[in-house]
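Asker: Okay, here's the structure, questions in a sec.
Please treat every number below as a calculation from the coordinates, not as lab data. The shown structure was predicted, so the numbers you read here are calculated from the model rather than taken from an experiment. Quick reminder, even Gly has a Cβ in these numbers, built from the backbone with ideal geometry, and neighbours come from all protein chains shown.
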Amino acid sequence: MASIELFDTVQTTLPEEYKQRTTEELIQRANEIKSKLGSRLFIPGHHYQKDEVIQFADATGDSLQLAQISAQNAEADYIVFCGVHFMAETADILTGEHQTVVLPDMRAGCSMADMANMEQTEKAWEQLVEHYGDTIVPLTYVNSTAEIKAFVGKHGGATVTSSNAKKMLQWAFKQKKRILFLPDQHLGRNTAYDLGITLEDMVVWNPIQNNFEGNPHEDVKMILWKGHCSVHENFRIEHVEQLRKEEPDRQILVHPECTHDVVRASDLDGSTKYIIETIKAAPAGSKWAIGTEMNLVNRLIQQHSDKDIVSLNPEMCPCLTMNRIDLPHFVWALEEIEKGTPMNVIRVDQSIAADGKLAIERMFEHV
Ligand code: 13P
Ligand code: SF4
């Protein structure tokens with residue numbers, strides 16, 4: 001990600017004064033700047049963000065919704081993205097030249113997105129094409145760097161999110177016989193399995209060792225990049241088994257970034273939007289165990305006190321990088337904008353942005 005940022009605008013150490021201010025003072029400043037800038041400022045917030053930040057969001061959503069909302073907003077001069085780096089990059093790719101996207105803390109990355117870099121991807125592609133010829137279309141989860149999105153766009157592929165993965169796999173299989181799915185092996189495996197592809201017809205690509213894990217036979221349909229979300233891998237089959245034994249009437253609802261055994265053993269799985277809608281529609285008194293990031297699970301617990309909601313893993317912690325965006329960093333970012341010196345500007349190089357946009361627009365066309 002380093003090659004596509006403007007280094008002169010990057011700030012990482014929170015100035016002391018923001019640590020000294022009270023929460024009330026910070027809230028007051030955020031409200032003042034929001035009302036002063038009006039529609040010149042737009043704040044999208046991902047469902048995993050902390051409450052102290054999400055309260056200021058003009059729009060909340062899952063990755064797909066936030067990408068669509070960013071694409072539609074031509075009015076705001078400043079987009080302060082409350083989410084992680086790849087989401088802010090996507091917003092920059094989809095918004096106009098006149099718009100500036102700011103990430104309040106540059107350390108808000110995504111460990112999964114970092115599991116596929118360009119060097120690994122180019123090496124992998126060379127070997128995969130040598131092995132399978134021109135039979136592969138690449139799909140990348142939006143949780144990937146802009147460079148990977150551009151690579152995929154250049155090679156006829158598209159991006160996917162957890163809420164449209166099935167449709168995008170169906171689209172991809174109309175293009176070519178096989179899919180290279182990166183960087184999340186679990187979303188790729190879970191989605192392909194739902195479409196009736198057997199585990200025997202999937203093979204894992206190890207980007208560190210630069211080789212296949214499993215049998216790369218002629219009938220392989222899915223080549224799964226060996227990446228994962230370190231947050232969702234903390235929901236394990238033992239948690240499901242224990243709950244089934246102790247509370248068989250509690251329904252289990254997980255994000256498809258969880259491992260295949262966990263998703264198969266659960267009752268329902270889907271994107272953050274799907275999780276929220278399912279809980280909203282559930283009857284009072286119903287019992288749920290949710291397998292996703294803790295800021296969202298805690299918010300659902302608070303908002304639905306008529307339902308009995310717990311985390312599938314009782315010892316779960318939040319996504320640490322999502323949590324980097326806190327109230328002090330948020331207000332700091334707003335104050336720099338107010339001064340006319342925006343910091344942590346996310347600007348994707350034009351050559352990368354054009355191919356990345358192609359991959360994202362192919363997704364928009366088919367969902
Ligand atoms: P959603 O697309 O479901 O919001 O998920 C994004 C994400 O990062 C999940 O870990
Ligand atoms: Fe990335 Fe996982 Fe955090 Fe989502 S929850 S932002 S995939 S590390």
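Asker: Could you order the peptides 238-247, 101-110 from most to least packed, using the average number of other C-beta atoms within 10 Å per residue?
Answerer: Numbers: 238-247: 14.3, 101-110: 23.1.
For the peptides 238-247, 101-110, the packing ranking is 101-110, 238-247.
Asker: Mind checking the full-extension length gain between LYS154 and THR12? Use 0.36 nm per residue of separation minus the Cα-Cα distance, one decimal, nm.
Answerer: Numbers: separation 142, 0.36 × 142 = 51.12 nm, distance 3.32 nm.
The LYS154-THR12 span can extend by a further 47.8 nm.
Asker: Let a ≥ b ≥ c be the square roots of the eigenvalues of the Cα gyration tensor of region 1-137; is it rounded (a/c under 1.5), or, if not, prolate (a/b larger than b/c) or oblate?
Answerer: Values: a/c = 2.46, a/b = 1.92, b/c = 1.29.
In terms of gyration-tensor shape, prolate.
Asker: So, in nm, how far is label SER305 from label GLU238 when the simple model puts each one 7 Å beyond its Cα toward the Cβ?
Answerer: So the label points at SER305 and GLU238 sit 3.5 nm apart.
Asker: How large is log10 of I(q)/I(0) for the chain at q = 0.08, 0.13 Å⁻¹ when the intensity is taken from the Debye formula with one equal scatterer per alpha-carbon?
Answerer: Computed log10 I(q)/I(0) values: -0.41, -1.05.
Asker: A further question follows. Which value results when the Cα radius of gyration for region 282-353 is divided by 2.2 N^0.38 Å?
Answerer: Working: Rg = 18.6 Å, N = 72, 2.2 N^0.38 = 11.2 Å.
Taking N as the residue count of region 282-353, the ratio is 1.66.
Asker: Additional query: Which FRET efficiency value, to the nearest 0.05, is calculated for ASP51 and ARG21 with the Förster distance at 22 angstrom and r the Cβ-Cβ distance? Present the calculation step by step, with values, prior to reporting the outcome.
Answerer: Details: r = 18 Å, r/R0 = 0.82.
So the FRET efficiency works out to roughly 0.75.
Asker: Sum -39500 (n - 2.57) across every DSSP H segment of at least 4 residues in the chain, then divide by the residue count to get the 222 nm mean residue ellipticity, nearest 500.
Answerer: -12500 deg cm²/dmol
Asker: Take the Cβ-Cβ distance between VAL129 and GLU247 as r, set R0 to 56 Å, and report the resulting FRET efficiency rounded to the nearest 0.05. Mind dumping the intermediate values first?
Answerer: Values: r = 49 Å, r/R0 = 0.88.
My answer for the efficiency is 0.70.
Asker: Relative contact order for region 170-325 using alpha-carbon pairs under 8 Å, separation at least 6, rounded to a whole percent? Don't skip to the answer; put the middle values down first.
Answerer: Values: 244 pairs, mean separation 30.3, N = 156.
Here the relative contact order equals 19 percent.
Asker: Using only alpha carbon pairs under 8 Å that are at least six residues apart, calculate the relative contact order of the chain and give it in whole percent.
Answerer: Details: 716 pairs, mean separation 89.3, N = 367.
Worked out over the chain, it gives 24 percent.
Asker: For LYS19, go through the lysines and keep the ones whose alpha-carbon is under 20 Å away, minus same-chain ones fewer than eight residues off.
Answerer: List returned: LYS50, LYS339.
Asker: Put a dot 7 Å past each Cα toward the Cβ at GLN350 and GLU75; how far apart are the dots in nm?
Answerer: 2.9
Asker: Still on this model: When DSSP beta bridges are limited to those with both residues in the chain, what percentage is antiparallel, rounded to the nearest 5? Intermediate results must be reported in sequence, preceding the final value.
Answerer: Numbers: 4 of 38 bridges.
Rounded to the nearest five, the antiparallel share is 10 percent.
Asker: Where Rh denotes the Kirkwood radius from the mean inverse Cα pair distance, what is Rg over Rh for region 117-247? Display every interim value, and only then the final one.
Answerer: Working: Rg = 15.1 Å, Rh = 15.2 Å.
Computed over Cα atoms, the ratio is 0.99.
Asker: Sort out for me the Cα centre separation of region 270-302 from region 106-144, rounded to whole Å.
Answerer: Distance between centres, Cα-based: 32 Å.
Asker: Still on this model: Over the Cα atoms of region 194-249, what radius of gyration and what Dmax do you get, in Å?
Answerer: Both quantities, over Cα of region 194-249: 15.7, 45 Å.
Asker: Arrange VAL129, VAL53 by Cβ neighbour counts within 10 Å, fewest through most, would you?
Answerer: Values: VAL129 14, VAL53 25.
In increasing order of surrounding Cβ atoms, one gets VAL129, VAL53.
Asker: Additional query: Going by average Cβ density within 10 Å per residue, which order do the peptides 253-263, 74-84 take, highest to lowest?
Answerer: With the highest mean Cβ count within 10 Å placed first, the list reads 253-263, 74-84.
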